[in-house]
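Below is one structure, written out as C-alpha cells; the observations come after it.
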Amino acid sequence: VAVASSLPAGHKALASPAVRRLARELSVDIHRVPGTGPKGRVFKNDVQAFVSGTVSGAVAAPVVPV
Amino acid sequence: MAKMNMLQAINNALDLAMAKDDGVVCFGEDVGHFGGVFRATSKLQEKYGKARCFNTPLTEQGIAGFANGMAAQGMTPVAEIQFADYIFPAFDQIVNETAKFRYRSGNEFNVGGLVFRTPYGGGIAGGHYHSQSPEAYFAHTPGLKIVVPRNPHQAKGLLLASINCPDPVIFFEPKKLYRASVGEVPEEYYELPIGQAEVMKTGSQVTVLAWGAQMEIVEKAVEMAEAIGISCELIDLRSILPWDVDTVAESVKKTGRLVINHEAPLTGGFAGEIAATIQQRCFLHLESPILRVCGLDTPYPLALEKEYVADHLKTFEAIKASVNF
Amino acid sequence: MAKMNMLQAINNALDLAMAKDDGVVCFGEDVGHFGGVFRATSKLQEKYGKARCFNTPLTEQGIAGFANGMAAQGMTPVAEIQFADYIFPAFDQIVNETAKFRYRSGNEFNVGGLVFRTPYGGGIAGGHYHSQSPEAYFAHTPGLKIVVPRNPHQAKGLLLASINCPDPVIFFEPKKLYRASVGEVPEEYYELPIGQAEVMKTGSQVTVLAWGAQMEIVEKAVEMAEAIGISCELIDLRSILPWDVDTVAESVKKTGRLVINHEAPLTGGFAGEIAATIQQRCFLHLESPILRVCGLDTPYPLALEKEYVADHLKTFEAIKASVNF
Amino acid sequence: MTNPNNATISTVHHAEFTSGHALQIPTLRILQDDGTLYEGATAPELDKATALKMYQTMTFIRVLDERMLGAQRQGRISFYMQCLGEEAATVGSAAALDDADMIMAQYREQGALRYRGFTLEQFMNQLFSNEKDLGKGRQMPVHYGSNAIHYMTISSPLGTQIPQAAGYAYAQKLRGLANVTICYFGEGAASEGDFHAGLNMAAVHKAPVLFFCRNNGYAISTPANEQFKGDGIACRGVGYGMKTIRVDGADILAVYQATKMAREYALANNEPVLLESIAYRLGAHSSSDDPSGYRSKEEEELWRKNDPVARFRLFLLQKGWLDDDADKAAIEQLRQDILEALKVAEKVAKPGIEHLISDVYAEPIPELERQLAELKEHIRKYPDAYPITSGRM
Amino acid sequence: MTNPNNATISTVHHAEFTSGHALQIPTLRILQDDGTLYEGATAPELDKATALKMYQTMTFIRVLDERMLGAQRQGRISFYMQCLGEEAATVGSAAALDDADMIMAQYREQGALRYRGFTLEQFMNQLFSNEKDLGKGRQMPVHYGSNAIHYMTISSPLGTQIPQAAGYAYAQKLRGLANVTICYFGEGAASEGDFHAGLNMAAVHKAPVLFFCRNNGYAISTPANEQFKGDGIACRGVGYGMKTIRVDGADILAVYQATKMAREYALANNEPVLLESIAYRLGAHSSSDDPSGYRSKEEEELWRKNDPVARFRLFLLQKGWLDDDADKAAIEQLRQDILEALKVAEKVAKPGIEHLISDVYAEPIPELERQLAELKEHIRKYPDAYPITSGRM
Ligand SMILES: Cc1ncc(C[n+]2csc(CCOP(=O)(O)OP(=O)(O)O)c2C)c(N)n1
Ligand SMILES: Cc1ncc(C[n+]2csc(CCOP(=O)(O)OP(=O)(O)O)c2C)c(N)n1
Ligand SMILES: [Mg+2]
Ligand SMILES: [Mg+2]
Ligand SMILES: [Mg+2]
C-alpha cells in the first residue's frame, strides 16, 4: 500500500459533515487528510487511515483544543 | 371500532364535536343541506339545525371573516373552504387577522376556537385549480397551527384536537384519500396530539419524511428501498406548524440522512424549512445532503400529472442517492 | 449622475418608463394627484395625465385584478400596494391569477407587463401592520418574479428592468430606506439584471447573504467581523424569484460557510429555501451549518423592535459562530 | 352631488329606513314560450343570417353538451359542464357584440365562444387536453380560451375575471379602441369580493364593460335565496352608480336587445353597464354533481318548459326563416360530426414533456431547466412508469 | 320573490335602463348649527345625564385629540389620529347602544370608546405602548381595545372587521344574547371586498349588526368621488336587501336617533341595518399626513363651521343643561388631567421581554421558547445595545 503524505496547509477538504465530526473526535485536521474519493473527497476510512498512521505526518498535527 | 373512509371519519368527528359542544358551528359553500361537495358535513344540518350547519354565500374572504368574528365571540366555528385552491381570497383574513388576533390585542380577544377545513392536493386530474397543496403559504405565519392527516383514524383524532385547540388551526384534508383511504376508526371521541410527528417505522440508514396523502407514496418507496436492503425510518410529520423538530432531528442524528417529500412545488415549499433546520441541528451527523422530492416549480399540470408529481419512484431514487452518496 | 434618495430614484424610474412607453400606467391608493403616501409617484399625474396615473378605490384585490386585466390587454400597469402588509387581500389575484395567467392559457394570454410595487419592512415603529416582509409568501409561486433593491441606484435599475420584464414582477421597496438611503444615480435609462445576485465584497471564510434593507445591517456586521480578522464574502441576493443559486453556491464552495439574514420571521422564510438548496449543492464543502439570522416567529412587534430584529449584532455573532464552529 | 361625501344632499327630519327592497327592477321579456312576441313588445332588428347563426349556435351547444356529458359518463373525458337552459343568455349577448370585443367568461358560456367561431376541433382538443389544445392541455375540460377570437382563457377561481374585465376595458379605452369587454359571471360568483372591486372600479374609472350576471338560481347546491337577500343582482347596480338592466335569460331576443343597447351606451359614454339574466340552470352544476340532493324534480320540470332553444326555434319557424326538416337533419348531422371529432381528438397525443415547464415564464428560468433535465433522466430510468412521455423523448 | 333566482318577477317589454342613481336616500337632520332643531324635527328622548355624558365624551375626545397631536408633534408619541369633525357620529351612535353591545371600529372611533368608559390612563398607556397597555404595547397608537367594555381591538387592515362583525353578531344571536354588534368603517374601507362579503353575509344569515359607515369625504388623499360613483354608501343597502338610513354625522341627535332605531330593529328582527354618517374629516388623515397636498383651505374652512361639538353645546346651553363657565373650567381641567396622565404614562416601562413571544399562541410553542432563550443569551452579551430589556432580565 502506497503511503500518501498529508496535504499542505491551506488545502480545503471535501467531506461530509459526519466525516468532519469523526475527524474532530479523533483530533485530526480534516484538511490535511488525503481523500480517496472523487476529486479527493475524504471518507471516514481516509480519516481512520490517517490516524492509524498509514499516512505520513499524520500524528504530527494534533489539533489544539480552542 | 368501525371501518370508515376519510370522509366518514371527518363527518364523524364533526358530529361528535357538535354533539359535545353547542358552540361548534359548521359552515361554508354548499356545506348545509347538501353536506358539502365532498359530503364531509353530510346530515349535520339535519341533526343540528340550520343555525349550526349552513351554506354561506360564495365568498371565501367572507367565510373567513365571519369565522373570525364568531370565534372572537367565543364560539367554535369549523369553516370549510371548498378547495384549498380557493383559500387565497381568504388569505388576508387568515394571515393578517386570524393569526394575529390574540397577539395584537394583548390577549384581550382571540379566535382560538377556529378551524378551517379544506381539501388539498392532487392526483384527481384536477389541474392547477383543484390540486394545490398550499400549506407552505401559511407556514410562514406565527399564530396559526397547520395539521394534515394521512388516514381516517388520524383525520378524526387530529380534527377533534384541532377543534378543541385554543389556537386557530388550518386542517388540510388530502382529498385524494377521501374515499380511497379506509381504515378502522374508534367510534368514540379521541384526540391525537397537534405538533407531534409520528415515527411509523424505525430504521437505521435514512429518515424519510412526508405528510398527508404523500405518506402512502413514500411508504411504497420505503418498501422498495427495504427490499434492496436499505433500512429506512419513516416519519409522518402530521403538523406543519408547529412542527416536531425534536423527533425529526433525533431520527436524523441516528440515520445521518434525510429525504423529504411533499406535493407542493420545491421552491419555497415546507421541505426547505425542514432541511434548513435539520442541517443546522444535525450538522455533524449528516452523511449525505438532505434531499427534497417535491412537485416541479410550475403550476400543477393536468396532462402530465404522472411526470410532475413527487411519486414513489422519484422518492425511491432519492433514498438510494442519499444512502449511496 | 445625480444624488437621489430611493424615492427619487423610483420616481425617476417611473417617469422614464412612462415617457418611453405610452402603455405604462401607474395607479394605486392615493397614487394620483397626491403622488402616493410616500410620494413615489409624485408629479406623474401632472406630467402624464389622469388617465395614466390615478387613484384607485381602496381595494387591493381590485387593484391587482384591474392590473391583471390591463396587462392581459397588453399594457404595462405599475400598480402600487400602499404597504406590503396590505397585499394579502390581493393574494388570490396575484398567486392564482397573475402567476398562472400565461401557463394556464398555453400562452394565449399573459400579464407579463405587470409590476406590483410595494413598500415593505420594519424599522419605522410601525408594528405588525406596517412592517412585514412578505417576500417568502410569494416565493412559493411559480410564474412570479420577486425583486428587492438595496439602494437608490439598484432601485432605479431593477425597477426599470421589472417594468421591461416579460414576466410579472413584485417589486418590494425597503421603505425604511426611502429617504434614508441616498446615492449617486445615473439620470438616464438603465436596467440591472433580474435573477442575478451581486457579490459586493469578496472574502474567504464565510459567505454572508441578505437583500434589501438588511444589506446595510449585514454590511455593518461584516465590518465588525473583518475587524477581528474574519474574511467575509458579502452577497446581495437582489432577486428572490428566480434566485441566483449559482453565485451563492460558488461562493459557499469557496468559503465553506454561509450566514443568511432576513427581516421576516425565521420559520417558512426564504432563508430556509436558500439553506436547503445550498446544503445540497455545496454539501461536501460545508465547514459549518448554514445559519439563519431572522425575525422571531411572532408578528412584528412595536415596543421591542430592537430586540426582535435580525440586527448587526446577531449577524456578527452568527458569523463568529459559523467560523468558530 | 356636489358635497365632498359624494352623496345626495336632500334632507328629512324624521327618521325612516329606506327599505332593502326600495328598488325593484323589472325583467325585459320579448319572446314568449310559443315563439310569438309579448303584446306591446317589438323584436330587435335582426337579419336572417344573424338570427340563424344565433339559432345554430344554440343548437350546436345543446348537442355538444349532450354528447360530451355522455362522453364524460363513458369515462372518455374527466369532467364536463353544460349550459342547458342558458343558451339564449350567452348566445344572445355574444351576438350583440363586435367580434373584437373581449369576452371574459366564467365557464358556462360555451354559447358565446361558439358564436365567436371556436371550431368543433378546438372544443374537442381542449376537452381532451391534447397537444393541439390552444391551452396546451393545462386546464380541466371547458376551460377554453383563444386570443385570436378575443375569448379570455377561463380561470376556475370565481369572480377573478370581474376586476380584470374592468382593467381590460380601461386599457381598451386608453388604446382608443372602439371595443368593450363583456364579463360573464354567476349569481354565486357575484358574492365574491372581486365582484365588488370590479364593479366599483369600472364605474369610477369609466371603463366600458358589460357585466353580465347569469342568475340561474343556483351556485352548485346553494339556492339564490341563501346567496343574497337583495332583489337579484341587478339592484346592486345603483350601489355603483351604474346603469342596469334585467332580462329574461331564456329569451334570446330580450338578451340580444339589452346587450346591444348596453354595448352602445358603454362605448358612447365609457361607462360600465350591469345586466342580469334571469334563467335556470337546467342541468347539474357539472358532471361531478347530482342536483337531486338539493332540488326537486318538480322544480326542474317546471323550468324545463322554459326552453330558450325551443322558443327561438318556434319564432324562426313562424318567421319562415327555418325549415323544420332541414333543421332536424342538421342536428342529426351535428351529432355525427361531434362523434367524429371526438374520436379524432381523443387519439391526438398529449402535449410534449417540454410543456410541463413552458409558459410558467416567458422563457424557462434556470431552475426549471434543471428540473426538466432531472425529470427526463428519471423517466429514462423508468420508461414504463411514464408511458405518455417516455416514448417521445 | 318566489322564483329560484330570488329576484323581482315584474315584466317590461321595452328595454330601458334602471339609472345608476335611481335611488336617492335623504339625510336625517335634527339639530341645526345654531343649536335649535329644524322645523318639523323632534329631538330624540334623551335625559339630562345621558346628554351630558354624550357632550362630555365629545369634549374629552376633542381635547385629547388636540393634546395628543401636539404630543406627536413633540416626538413624544410616534403617531396619532384625530376624529375632528366626526365626534357626533361616534359618540351619538355609541350612546344609542347597550353597554354589552360589541363595538368593532376602524380606528377613528375614540368617541365610542370613551363613551364606553375607556379611562384616560388606558388611552395613555396604549398611546405610549407601555407595559400597562391592555394590548401589551403591540400596536401603533390609537389601536385601542378592551374586552371588559366590549370594544374589539382595532386592526389596521381596512375592512376586515366588517365580515367579522357579521360573524360576531351571528354568534350573539346563537347565544341568545339581547345584544347587537356595531361595525364602524370609512367610505374608503367600504371599497374593500370584505365590505361586500360582510354585508351580504349579515343579510343572508340574519345577523343583528349595525353597519355604520363614516362617510367623511376622504380616504387619506382620495376624495369620495374617486372612491365610488353611486349615491354615497347608503344606496348599497338595497343591494343587500338591507334597511338603510343616512344621517348628518355632525348632528348628534340625528345620529343617536337613527342608531337607536336601527338597534331596535336589528334586535327585534335579527337583521342588519346600514347607517351612513355624512360628515367631514376636518383634521389630517393622521399625524403622518398633510392635507394641503390634496384639498383646499377654503373647503376645510367651510366645513369647520359645521362643528358637531359646538352645535350640541349650543343645544345644551339653550336647554339650560350646561353652564358655560363650568364647562369652560371643566375643559381646562381636562387639559391639565391629560397632561398629567401623559407624563405618567410616558414613564411607565415598556412591556417585558417575555411579551415578545406571549399571545402568539395561547401557550408559546417550543420553537418560540427556544428563540426567546437564544435572544436573552444574546442580550446578555450586548446589554448596552438593548437597554430597554437588558436591565430587567
Ligand atoms: C373562488 C372559488 N370558490 C369556489 C369555487 C368552487 N365553485 C365552482 S362553481 C361554484 C358555483 C358557482 O355558482 P354561480 O356563480 O352561480 O355559477 P353557475 O355555476 O350557476 O353558472 C363553486 C362554488 C371556485 N371555483 N372558486
Ligand atoms: C387593507 C388596507 N389598505 C390600505 C390601508 C392604508 N390606509 C389606512 S387608512 C386609509 C384610508 C381610509 O379611509 P376611510 O375608510 O375613508 O376612513 P377615514 O380615514 O376617512 O376615517 C388607508 C388607505 C390599510 N390600513 N388597510
Ligand atoms: Mg348560478
Ligand atoms: Mg381591520
Ligand atoms: Mg373617509
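The values are calculated or read from the model by the stated rules, or taken from the named source; none is laboratory data. Treat the numbers as computed from the prediction; the structure is a model and nothing was measured. Glycine gets a Cβ as well: all are built from the backbone with ideal geometry, and neighbour counts include every protein chain shown. Keep in mind that these areas ignore ligands, DNA and RNA; they rest on the heavy atoms of the full protein, side chains included. Shrake-Rupley method; radii C 1.70, N 1.55, O 1.52, S 1.80 Å.
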Roughly what would the spin-label model give for residue D:178 and residue A:39, points 7 Å off Cα along C-beta, in nm? 6.6 nm
Roughly how tilted is helix C:6-20, in degrees to the nearest 10 and between 0 and 90, from the longest Cα axis of chain C? 40 degrees
For residue C:46, inter-copy label distances in nm, listed shortest first [label point 7 Å out on the Cα-Cβ vector]: 7.1
Under a straight-distance cross-link criterion of Cα-Cα below 18 Å, which lysines are reachable from residue B:145, leaving out those fewer than 8 residues away in the same chain? B:100, B:156
Can you list the residues of the range E:215-234 whose accessible area drops by at least 50 Å² going from the chain on its own to the full set of protein chains, with a 1.4 Å probe? E:220, E:226, E:229
May I ask for the angle, rounded to the nearest 10°, between helix E:308-319 and the longest principal axis of chain E, with both axes built from Cα atoms and the value confined to 0 to 90°? 70 degrees
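Given R₀ = 60 Å, what would the calculated FRET efficiency be for residue E:268 paired with residue E:325, taking r from the Cβ atoms and rounding to 0.05?
Details: r = 44 Å, r/R0 = 0.73.
Using R0 = 60 Å, I get an efficiency of 0.85.
Could you work out the per residue convex hull volume over the alpha carbons of chain D, in cubic angstrom? Don't jump to the answer; show the numbers that get you there.
Numbers: hull volume 73.5 nm³, N = 393.
Taking the convex hull of the Cα positions in chain D, it is 187 Å³ per residue.
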What number results when the radius of gyration of chain B, computed over Cα atoms, is divided by 2.2 N^0.38 Å? 0.98
Taking the label point 7 Å from Cα in the Cβ direction, how far apart in nm is residue D:323 from each other copy of itself, listed shortest first? 10.4
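Normalising by the residue count of chain D, find the relative contact order in percent from Cα pairs under 8 Å and 6+ residues apart. Walk me through the numbers before you get to the answer.
Numbers: 681 pairs, mean separation 84.3, N = 393.
It comes to 21 percent, rounded to a whole number.
I'd like the carbon and sulfur percentage of the solvent accessible area for chain E, probe radius 1.4 Å, heavy atoms only, ligands and nucleic acids excluded. Walk me through the numbers on the way to the answer.
Values: 6420 of 12960 Å².
Solvent-exposed carbon and sulfur of chain E make up 50 percent of the total.
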Whole-number accessible area per residue in Å² for chain E, which is evaluated in the context of all protein chains at 1.4 Å: 33 Å²
For peptide E:22-35, how many partner chain Cβ atoms fall within 10 Å of a residue's Cβ, on average? 4
Just to be sure I understand: with springs between alpha-carbon atoms less than 10 Å apart, which residue in D:147, D:179, D:130 has the highest mean-square fluctuation in the Gaussian network model of chain D? D:147
Which three numbers, in whole Å and largest first, are the semi-axes of the equivalent ellipsoid of the range E:192-237 derived from its Cα gyration tensor as √(5λ)? 23, 10, 10
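Using Stokes-Einstein with the Kirkwood hydrodynamic radius over Cα pairs, what translational diffusion coefficient do you get for the protein assembly as shown at 10 °C and a viscosity of 1.306 mPa s, in µm²/s rounded to a whole number? The partial results should precede the final answer.
Working: Rh = 33.5 Å.
Here the translational diffusion coefficient equals 47 µm²/s.
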Positive minus negative residues near residue B:196 (Lys, Arg vs Asp, Glu; Cβ under 9 Å): -1
MRE, 222 nm, helices only [DSSP H, n ≥ 4, -39500 (n - 2.57), over chain B, to nearest 500]: -9500 deg cm²/dmol
Sorted shortest first, the nm distances from the residue B:226 label point (7 Å along Cα→Cβ) to its counterparts in the other copies are 5.6
DSSP-loop GluC sites (Glu not before Pro) across the range E:1-104, with at most 12 other Cβ within 10 angstrom: E:16, E:39, E:45
For the D-to-E rotation axis, chain D residue with nearest beta carbon and its distance in angstrom: D:193, 1
Integer Hz, Karplus 6.51/-1.76/1.60 couplings in order for the range C:33-50, x for Gly and Pro: 3, 6, x, x, 5, 9, 6, 5, 10, 3, 6, 6, 5, 3, 7, 10, x, 5
Tilt, helix C:214-227 to longest principal axis of chain C (alpha-carbon atoms), in degrees rounded to tens, equals 20 degrees
Could you check which residue among D:102, D:261, D:152 shows the biggest mean-square fluctuation in a GNM of chain D with a 10 Å Cα cutoff? D:261
Rounded to the nearest 5, what is the percent of antiparallel bridges among the DSSP beta bridges in chain E? 15 percent
On the accessible surface of the range C:118-173, probed at 1.4 Å with all protein chains in place, carbon and sulfur together account for a percent value of 51 percent
Of the trypsin sites (Lys or Arg not before Pro) in the range B:168-240, those whose Cβ has at most 13 other Cβ within 10 Å and which sit in DSSP loop: B:179
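Scan the range B:44-83 for trypsin sites (Lys or Arg not before Pro) in coil per DSSP, keeping those whose Cβ has at most 13 other Cβ atoms within 10 Å, and list them by number.
Loop-located and lightly packed - B:50.
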Once the in-chain neighbours fewer than 8 apart are removed, the lysines whose Cα is under 23 Å from residue E:243 read D:229, D:243, E:173, E:206, E:229, E:260
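Once a ≥ b ≥ c are taken as the square roots of the eigenvalues of the Cα gyration tensor of the range D:210-276, is the result rounded (a/c under 1.5), prolate (a/b larger than b/c) or oblate (a/b not larger than b/c)?
Working: a/c = 2.89, a/b = 1.52, b/c = 1.90.
It is oblate, given that a/c is not under 1.5 and a/b is not larger than b/c.
Averaged over peptide E:350-358, how many Cβ atoms belonging to another chain are found within 10 Å of each residue's Cβ? Could you put the intermediate results ahead of the total?
On the way: counts 4, 5, 2, 4, 0, 7, 8, 7, 5.
Neighbouring Cβ atoms belonging to other protein chains average 5 per residue here.
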Averaged over peptide C:27-34, how many Cβ atoms belonging to another chain are found within 10 Å of each residue's Cβ? 6
Taking only C-alpha pairs under 8 Å that are 6+ residues apart, what is the relative contact order of the range D:61-177 in percent? 23 percent
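What net charge do the residues around residue C:19 carry, taking every other residue with its C-beta under 13 Å from that of residue C:19, with Lys and Arg at +1 and Asp and Glu at -1? Walk me through the intermediate numbers first.
Working: positive: C:20, C:43, C:47, C:52; negative: C:15, C:21, C:22, C:187, C:188.
In short, -1.
Write down the accessible area per residue of chain C in Å², having rolled a 1.4 Å probe over the full set of protein chains.
Details: 7780 Å² over 325 residues.
Using a 1.4 Å probe on heavy atoms only, each residue of chain C averages 24 Å².
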Note on the range C:11-79: alpha-carbon gyration tensor, axes a ≥ b ≥ c; rule is a/c under 1.5 for rounded, else prolate if a/b larger than b/c, else oblate; result oblate
Compute the relative contact order of the range C:150-227 as a whole-number percentage, counting only Cα pairs closer than 8 Å that sit 6 or more residues apart in sequence. 41 percent
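Compute the signed sum of charges (Lys and Arg +1, Asp and Glu -1) over the other residues within less than 11 Å, Cβ to Cβ, of residue E:362.
Numbers: positive: B:102, B:145; negative: B:167, E:359, E:363.
The answer is -1.
Quickly estimate the mean residue ellipticity at 222 nm for chain E, helices only: each DSSP H run with n ≥ 4 gives -39500 (n - 2.57), and the total goes over all residues, rounded to 500.
That calculation yields -13000 deg cm²/dmol at 222 nm.
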In Å², nearest 10: area of residue E:323 left accessible to a 1.4 Å probe: 90 Å²
Given a 10 angstrom Cα cut-off, can you work out which residue in B:46, B:216, B:263 is the most mobile in a GNM of chain B? B:46
